[in-house]
Amino acid sequence: MKLGHEESCPQGHSSASTIATIEAALSADPDLDSSSIEIRMLGPVVLLEGYITKPEDREKATSLAAMIVGPANVQDRMLSRFPTQ
């Protein structure tokens with residue numbers, strides 16, 4: 001069975017395994033609050049959606065995802081939700 005374009009990443013992994021790998025990487029970083037970050041795939045592109053609570057979380061999340069699928073295949077759609085003082 002041949003996978004459709006939406007079902008595999010550039011390295012040939014399924015979307016589900018790619019998403020699971022990125023989720024594990026985000027969860028493993030003790031300095032990153034990934035509880036409100038959602039990961040989806042659109043073809044070979046990883047979409048990072050949801051909310052971040054610290055400015056540095058954006059860079060960490062996109063960098064970790066880029067290490068897995070490559071920087072050209074990561075799109076940041078996260079919104080900032082910083083706590084008020």
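Odds and ends about this structure:
- Here residue 1 meets each of (1) modelled with pLDDT of 95 or more; (2) assigned to a loop (DSSP other than H, G, I, E, B); (3) hydrophobic (A, V, I, L, M, F, W, C) with one exception, condition (1).
- Residue satisfying condition, being assigned to a strand (DSSP E or B) and in contact (Cβ under 8 Å) with a residue 24 or more places away in the chain, within set 31, 76, 57: 76
- Of residues in segment 50-71 being over 20 Å from residue 83 (Cβ atoms), out of contact with any Ser or Thr (no Cβ under 7 Å at 6 or more places or on another chain) and not small (Gly, Ala, Ser), the one surrounded by the fewest Cβ atoms within 10 Å (Cβ to Cβ): 71
The values are calculated or read from the model by the stated rules, or taken from the named source; none is laboratory data. Computed from a prediction, not measured in an experiment: that's the story for all the values here. Positions of Cβ are backbone-derived with ideal geometry, glycine not excepted, and every protein chain shown enters the neighbour counts.
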